Amino acid sequence: MTEQNGALGEHGQEPSRRDFIYIAATGAAAIGAGLAIWPFIDQMNPAADTLALGSIRVDVSTVTDGTEITVMWRGGPVFIRHRTQPMIDEARAVPLGDLPDDVSRNLNAGMEAASAADENRVLRPEYLIVKGNCTHLGCVPLGIGADMGDYDGWYCPCHGSHYDGSARIRRGPAPENLPVPDYYFESETTVKIGLSPDEAAQSGWVAS
Amino acid sequence: MSGPSTYEPKTGFTRWMDARLPIIRLGYDSFVDFPTPRNLNYWWTFGGILAIFLVIQIISGIVLAMHYVPHESMAFESLERIRRDVKFGWLIQSMHANGASFFFVAVYIHMFRGLYYGSYKAPREILWILGVVIYLLMMATGFMGYVLPWGQMSYWGAMVITNLIGALPFIGDAIREWLWGGFSVGQATLSRFFSLHYLLPFVIAAVVALHLWALHVPGNGNPVGIEVKTKKDTLPFHPFYTVKDGFAIIVYLIIFAAFVFFLPNVLGHADNFIPADPLSTPAHIVPEWYYLPFYAILRAITFDIGPIDAKLGGVIAMFGAILILFVLPWLDTSKVRSMRFRPVTRVFFILFLLACLGLGWCGAKNPDDLVFAIGHDAEGVATGFKFVWFAQLLTFYYFAYFLIVLPVMGIIEKPLDRPASIEAAVLGTAKA
């Protein structure tokens, strides 16, 4: 140690070769450790097979006027409600100023940034298709045949969020409207959920 | 350790050992001749009870892991198989499930003891902080363990809690997906919760070792809250406190056994005997009882606070309710440790205890249910004082106790006279 101190003394305050090695080695070790941690963090993200389970095809011919079904997509529920004309009219009559969340929450092309007007929430007015987890804490709201809430849509029993006939949040702790997934109608009675028509064309899915 | 070591190896082997790995000396100084205040009451036995329950949970858990299958289509049935077919599985599963509840009962008593007797004050701040770390680890472990049976409450409890993370601005959704390992709570979530549920108890054990280390530097606090001054203030840990702790442990284990054998499911939820169904939420999701006060605080924030929406506000309040314990040693400005000598703050403390119990009650109820009815509205539905309002009131008091009562009372309150020493307090000699 005394020999080393002597060497440093010779160089005064000038950085020595040893200082450079010290800083370079420490820096390389820190960066290396950081890079080595990343695979152990990233492994928790959805795996390739989970990502590949992206889309489902649903026959909606059995969903008659004024009824709804719940289908499983990506491990969670999707509501498909076949709305009657009065239900559509009621949803469209709501002033946009009454909506706590004024964004469409619609992933379909051209609708992402649109307003939450009912026209921007559906591809066909009679079929309302939304993800079925409350935007508050993920419970499945109740709908037709159970408690539809104070706005004739859905009611989440967990913490009392009320959604309207366009699945927009109206009252309660949920911050956002129920989101609309990517989907398109392959035919009059078949809907493909989880894929836009463009993606379908690219990936070899062909509407038939 | 507190004071110089008094260990003297007596045999050839112990002398040989002491010169190489003085582990016998460590055990002797920590648990045999450790000088302990002579006035510790039964509230001080819960540390020992907690140590026993950590061991019970680890041993029963390791055994359960030999039979449990962490798969979304098999987990529920594997648990039923443990309860019905595995030899003594009914016993070991019941010990593990009820053991979690008894672990939390003991830790809450241990924490309230610390709050009442000012155990968090200098020089025991690190001891207290390590305790809060253990409590947080216990909550994480308990939460993930409750998911493993993969019943309806397991699934939806996991859904609700992981969705809390989604309240974080900008990064919330990405972190939630990272936690899930998918687009919802599912197989990936179950597997990782099982892995971490196995890991965390050993992390707890390691922090417990630090907690004991931090305890054995200043030594125990005590009910009168004045420091040990002479040897007359203390008794050796063994046999006095090994016997006292042992007696308390036996009494506690008798109550535990009553639950394990005769009330094995009374602390659980009927809904968790229904296999997890991602398409249907139980009518009333409630967490395990030991999370209810924090669940009530989460739901009490129903209003936006400036740019923070109600959902994020609830999450901040819930985590804040626990994290505030980390700074408690610096919030309480009083030099007097024990509430025995703080007549006014003591009343606030009792109210705080009642507020925590009240929050637990609110957490178990539907927010819109009524604490008491006052009248009826036009449609004949009863109106009155809602649980959510009650929870808001109690949440306010919870935070006010830490942020207003303790800082202010330490300055304005005139404490009662304290005894001159622990010995004087016990033996009733003249007060100074």
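Couple of notes before you dig in:
- When all alpha carbon pairs of segment A:46-139 are counted in 5 Å bins from zero, the resulting P(r) reads 3, 12, 18, 22, 23, 14, 6, 2, 1 %.
- Neighbour-count ranking [beta-carbon atoms within 10 angstrom, fewest first] of B:288, B:77, A:199: B:77, A:199, B:288
- Projecting label points 7 angstrom from Cα along Cα→Cβ for residue A:36 and residue B:250 puts them 5.2 nm apart.
- From the Kirkwood radius over Cα pairs of chain A, Stokes-Einstein at 20 °C and 1.002 mPa s returns a whole-number translational diffusion coefficient of 104 µm²/s.
- Lysines whose Cα lies under 29 Å from that of residue B:231, excluding same-chain neighbours fewer than 8 positions away: B:10, B:121, B:244, B:335, B:431
- Rounded to 5, percent antiparallel among DSSP beta bridges of the protein assembly as shown: 95 percent
- Computed over the Cα atoms of segment A:136-208, the ratio of the radius of gyration to the Kirkwood radius (Rg/Rh) comes to 1.14.
- Under the Karplus curve 6.51 cos²θ - 1.76 cosθ + 1.60, θ = phi - 60°, whole-Hz ³J(HN,Hα) for segment A:131-138, x wherever Gly or Pro sits: 5, x, 10, 3, 6, 7, 10, x
- Here chain B is treated as a sphere whose radius is the Kirkwood value from Cα pairs; by Stokes-Einstein at 25 °C and 0.890 mPa s it diffuses with a coefficient of 101 µm²/s.
- For residue B:386, nonlocal amide neighbours, meaning residues 5 or more places apart or on other chains whose placed amide H falls under 5 Å from its own, are B:371.
- Each part reduced to its alpha carbon centroid, segment A:66-135 and segment A:164-194 end up 4 Å apart.
- Each Lys and Arg adds +1 at its Cβ and each Asp and Glu adds -1 at its Cβ; summed about the Cα centre, segment A:71-208 shows a dipole of about 300 debye.
- FRET efficiency for the residue B:77 to residue A:52 pair, using the beta carbon distance and R₀ = 30 Å, is estimated at 0.60.
- Pairwise centroid distance, computed over Cα atoms, of segment B:268-299 with segment B:317-336, Å: 29 Å
- At full extension, residue B:16 and residue B:381 could sit 123.3 nm farther apart than now, given 0.36 nm per residue minus the alpha carbon distance.
- Under 5 Å between amide hydrogens, built in the peptide plane, is the criterion, and for residue A:83 it picks out A:66, A:127, A:128 among residues at least 5 positions away or on other chains.
- Measuring r between the beta carbons of residue A:115 and residue B:133 and using R0 = 51 Å, the FRET efficiency lands at 0.60.
- FRET efficiency, residue A:171 to residue B:69 (Cβ-Cβ, R0 45 Å, nearest 0.05): 0.60
- Evaluated at q = 0.13, 0.14, 0.17, 0.22 Å⁻¹, a Debye calculation over the C-alpha positions of segment B:311-359 (equal weights, vacuum) places log10 I(q)/I(0) at -0.42, -0.49, -0.68, -0.97.
- Straight-distance candidates among the aspartates and glutamates for linking to residue A:192, with alpha-carbon spacing under 13 Å and chain neighbours fewer than 8 residues away dropped: A:59, A:182.
- Inter-chain Cβ neighbour average for residues A:63-76, partner chain, 10 Å: 2
- Counting only alpha carbon atoms, the long axis of helix B:46-65 and the longest principal axis of chain B meet at about 50°.
- Look at the stretch A:163-175: the mean tally of other chain Cβ atoms within 10 Å of its residues' Cβ atoms is 2.
- Ascending count of other beta-carbon atoms within 10 Å, so fewest first, for B:325, A:142: A:142, B:325
- All aspartates and glutamates inside 19 Å of residue B:232 as judged from Cα atoms, apart from same-chain residues fewer than 8 positions distant: B:29, B:33, B:423
- Chain lengthening between residue B:175 and residue B:308 when straightened (0.36 nm per residue, less Cα-Cα): 46.0 nm
- Length gained on full extension, residue B:322 to residue B:187, computed as 0.36 nm times the residue gap minus the Cα-Cα distance: 45.6 nm.
- Mean per-residue shielding of peptide B:183-190 is 5, counting Cβ atoms of other chains within 10 Å of each Cβ.
Coordinate-derived values only; no laboratory data. Fair warning: this is a prediction, and the values are worked out from it, not measured in the lab. All Cβ positions, glycine included, derive from the backbone under ideal geometry; neighbour counts span all protein chains shown.
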